[in-house]
Amino acid sequence: MAKELLVTATGRRKESIARVRLKPGTGEFAVNDRTLDEYFGRATSKMVLKQPLEVVEQLGKVDISINVCGGGLSGQAGAIRHGISRALIKLNVEWRPALKKAGFLTRDSRSVERKKYGQPGARKRFQFSKR
């Protein structure tokens, strides 16, 4: 029995972590053992996931199994995109310049700023009164 080519990678965004497994196939997506349409309701989230595959023209040529946890749906979509991009590079190194130019390999480090004591939020201040 020949061993099938399986590539794994991790993507992160905000509080979300996505573990992506990529193998040659027919273009099926499985997110936490559910289909893409069941997991993501918004069309923009589905579009975000498919962007790296469109850049390297692999849409419909690879099966992707994803395990994602933490954060919200938007952060999870970004984490999955990051993970898919990293997995594609492991599959073929020549795709790196195209994915890098599109900005899919850069880890988006923006996250929520912590709330500070003595104020109601991260930056907001309580109303000031002189008297």
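Rule-based calculations on the coordinates, nothing more; no lab input. Model, not experiment: these values are computed from the prediction. Cβ: placed from backbone, ideal geometry, glycine included. Neighbour counts: every protein chain shown.
Tabulated data for the structure shown
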| quantity | calculated |
| --- | --- |
| Percentage relative contact order, the chain, counting C-alpha pairs under 8 Å, at least six apart | 31 percent |
| Neighbour-limited loop hits for GluC sites (Glu not before Pro), the stretch 1-51 (at most 10 other Cβ within 10 Å; DSSP other than H, G, I, E, B) | GLU4 |
| In the stretch 41-76, trypsin sites (Lys or Arg not before Pro) in a DSSP loop with at most 11 other beta-carbon atoms within 10 Å | ARG42 |
| Rounded to 10°, Cα long-axis angle of helix 73-91 versus longest principal axis of the chain | 40 degrees |
| 10 Å Cβ shell holding at most 14 others, DSSP loop, chymotrypsin sites (Phe, Trp or Tyr not before Pro): longest site-free stretch of the chain | 1-116 |
| Per-q log10 I(q)/I(0), the chain, q = 0.09, 0.10, 0.13, 0.15 Å⁻¹ (Debye; single scatterer per alpha-carbon; no solvent) | -0.33, -0.38, -0.56, -0.70 |
